[in-house]
Amino acid sequence: MTVGARGDWAFVLAFRAEKLAGLVLVAAAVAIATVLFQTIAENRILTPAVMGFDSLYLAIQTGAVHFLGSRALVALDPRLRFVVETAAMVALSGLLFRWLFLGRRRSIHLVVLAGLVFGLFFRSLSSMVQRMLDPNEFAVVQDMMFASFNKVDTDLLAVAAAAVAGSGIVCLRLVHALDVLALGRDLSVNLGVDHRRLVTALFAVVAILVSVSTALVGPITFFGLLVASLAYQVAGSDRHRETLPAAILIAIVALVGGQTVLERVFGLDTALSVIVDFAGGLAFLVLLLRSARA
């Protein structure tokens, strides 16, 4: 908030406060969504981004620009647009991934393959629609496709804060059920957990949080995997009462600290999203190789 601050402090602090709030909300949304999704999937390699959630959100955005036009889309209240797009995200993600985790037990290889296929399908669909757009509308869509931590959509901060806070309250109330769910479908059912109802509710929470992070800064592919992996190591426990706060704090430190270092030390010579995806991609490969050896 104060590093290198010059000029009118009222303007500087207000400007940086909005940016800091956006980074904190994105960090919390990605961390909670990843830990919840890994609990549902019973696997620490899968993340919402790996399973195509980000691509689904971008496909919805591209479709909105194609059918409504960029001018009409920009003219809409961004909060109303976010709510409508998030509702579509929840509905579509629920239909797509319901059979993967609510039916009979499926091979983890099938789940990963299905996620990659879904992600590729949504990206291909977005690419096809983009080819039918005029250059001005294509520029609007292209701006949505890349993560940028330098320009947080401040119009959505209030809605995003409400969504993240509501998700946090849900997790707090379900913290013990989440610990039981992590034991596996059969054990959780035997211990009295309504598995289908709980997983459906968690899918909705994950979809909302992915929408929040993607709407604020854009898609972040491997950041959640990196944060969740570090959180499990730091917490030294599988209890969600410890792993969720650890993941949130690590995500905040990584985003805010990384952005500060890039701005003040490297002069924005590179993008934080590139470094985050590179480090997260390495973590994904390491976890994948470890699981293959096991």
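Please verify whether LEU249 is modelled with pLDDT of 85 or more and under 22 Å from GLU42 (Cβ atoms), treating the condition exactly as stated.
Taking the combined requirement at face value, the residue does not satisfy it.
Among the numbered conditions (1) open to solvent by 30 Å² or more (accessible area, probe 1.4 Å); (2) at pLDDT 85 or above; (3) part of a helix (DSSP H, G or I), the only one that ARG196 does not meet is (2).
The residues in segment 201-214 that are open to solvent by 20 Å² or more (accessible area, probe 1.4 Å) and in contact with a helix residue (DSSP H, G or I) (Cβ under 7 Å, 6 or more places away or on another chain) can be counted, and the count is 2. Those residues that are under 15 Å from ARG44 (Cα atoms) and open to solvent by less than 20 Å² (accessible area, probe 1.4 Å), I need them from segment 215-238; list them, please. Within segment 215-238, PHE223, GLY224, LEU225, VAL227, ALA228, ALA231 meet the criteria. Per the conditions (1) within 29 Å of LEU285 (Cα to Cα); (2) modelled with pLDDT of 80 or more, the sole criterion not satisfied by LEU100 is (2). Could you list, in sequence order, all residues of segment 51-76 that are surrounded by 22 or more Cβ atoms within 10 Å (Cβ to Cβ) and either assigned to a loop (DSSP other than H, G, I, E, B) or in contact with a strand residue (DSSP E or B) (Cβ under 6 Å, 6 or more places away or on another chain) (or both)? Passing the criteria: MET51, GLY52.
What about GLY184, is it more than 30 Å from GLU85 (Cα to Cα) and either modelled with pLDDT of 85 or more or open to solvent by 20 Å² or more (accessible area, probe 1.4 Å) (or both)? For GLY184, the condition - more than 30 Å from GLU85 (Cα to Cα) and either modelled with pLDDT of 85 or more or open to solvent by 20 Å² or more (accessible area, probe 1.4 Å) (or both) - is not met. Of all residues in segment 223-260, those being outside any helix (DSSP H, G or I) and either within 15 Å of the chain's Cα centre (by Cα) or closer than 19 Å to GLY168 by Cα (or both) number 2. When residues in segment 13-50 are screened for being open to solvent by 20 Å² or more (accessible area, probe 1.4 Å), of a type in the set (Val, Ile, Thr) and modelled with pLDDT under 85, 0 of them pass.
In the set (1) under 17 Å from the mean Cα position of the chain (by Cα); (2) of a type in the set (A, V, I, L, M, F, W, C); (3) at pLDDT 80 or above, PHE67 fails one condition alone, (1).
Is it fair to say VAL112 is over 28 Å from VAL253 (Cα atoms) and modelled with pLDDT of 80 or more? Break it down stepwise before answering.
Values: over 28 Å from VAL253 (Cα atoms): yes; modelled with pLDDT of 80 or more: no.
In short, no.
When restricted to residues that are open to solvent by less than 50 Å² (accessible area, probe 1.4 Å) and modelled with pLDDT of 90 or more, segment 126-162 contains 1. The residues on offer are ARG79, ARG44, and the sole one that is touching a helix residue (DSSP H, G or I) at 6+ places or on another chain (Cβ under 7 Å), in a loop (DSSP other than H, G, I, E, B) and of a type in the set (D, E, K, R) is ARG44.
The values are calculated or read from the model by the stated rules, or taken from the named source; none is laboratory data. Not measured: the values here are computed from a predicted model. In this analysis, Cβ positions are derived from the backbone assuming ideal geometry, glycine residues included, and neighbour counts consider all displayed protein chains. Calculation scope for accessible area: heavy atoms of the full protein, side chains included, ligands and nucleic acids excluded. Shrake-Rupley method; radii C 1.70, N 1.55, O 1.52, S 1.80 Å.
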